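The values are calculated or read from the model by the stated rules, or taken from the named source; none is laboratory data. The structure presented is a predicted model; accordingly, all values stated were derived computationally and were not measured. Positions of Cβ are generated from backbone atoms using ideal geometry, with glycine treated the same way; all protein chains shown enter the neighbour counts. Accessible surface areas use protein heavy atoms only, side chains included; no ligands, DNA or RNA. Shrake-Rupley method; radii C 1.70, N 1.55, O 1.52, S 1.80 Å.
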Amino acid sequence: PPPPPPRITSADHELPQMERWPGSLRATAAPASRLKRQRQLRPIGIVRSPFVQQSGTPAQPSFAGDEAVGTVEVDPHFEEGLAGIEGFDRIWLVCWLDRIGPVRLTVVPYLDTEPRGLFTTRAPSRPNPIGMSAVRLLHRDGPVLHVADLDLLDGTPLLDIKPFVPDLDGGPAG
């Protein structure tokens, strides 16, 4: 069997090369003694996008233009889990943001001029670089989802897919 992929630690936030299928990402939790257990994340697919560098990539799906179309290649082992996904206009892609810089606890958010605490923003430079993107589902072709409104880089590891449900994801009214 192939050797396990290198670990991703919360200290360096760099994602080493990983096996494509059935690869895994390993992460070590925060240093507090009760959190020292190792966590393992296993990508279920990969995002294919026209964007290969952060510069020029939309900051959010709502800012994406006509060029922000791509595919989500789901590992065929998980294809059964896609049954019925065609019934949703939008889906959440939960991804490992593998090309962000170091963690910054104070950031100046996009479209803002004031420094803010990281956890009050959507800035990607997080202790655990997990991103969520609500993309438009165009159609499904087996284990491949054709999507629009992408704001992710090509090759981004996919951790999970969830349906976007407006009544639930819109938050409380008012």
Excluding ligands, DNA and RNA, the carbon-plus-sulfur percentage of the accessible area of the stretch 104-174 with a 1.4 Å probe reads 55 percent
Summing +1 per Lys or Arg and -1 per Asp or Glu among the other residues with Cβ less than 15 Å from L93's Cβ gives -3
Compare the peptides 139-146, 95-102 by average per-residue count of other Cβ atoms within 10 angstrom and give them in order, highest first. 95-102, 139-146
Rounded to the nearest 0.05, what FRET efficiency is calculated for T106 and D167 with R0 set to 25 Å and r the Cβ-Cβ distance? 0.10
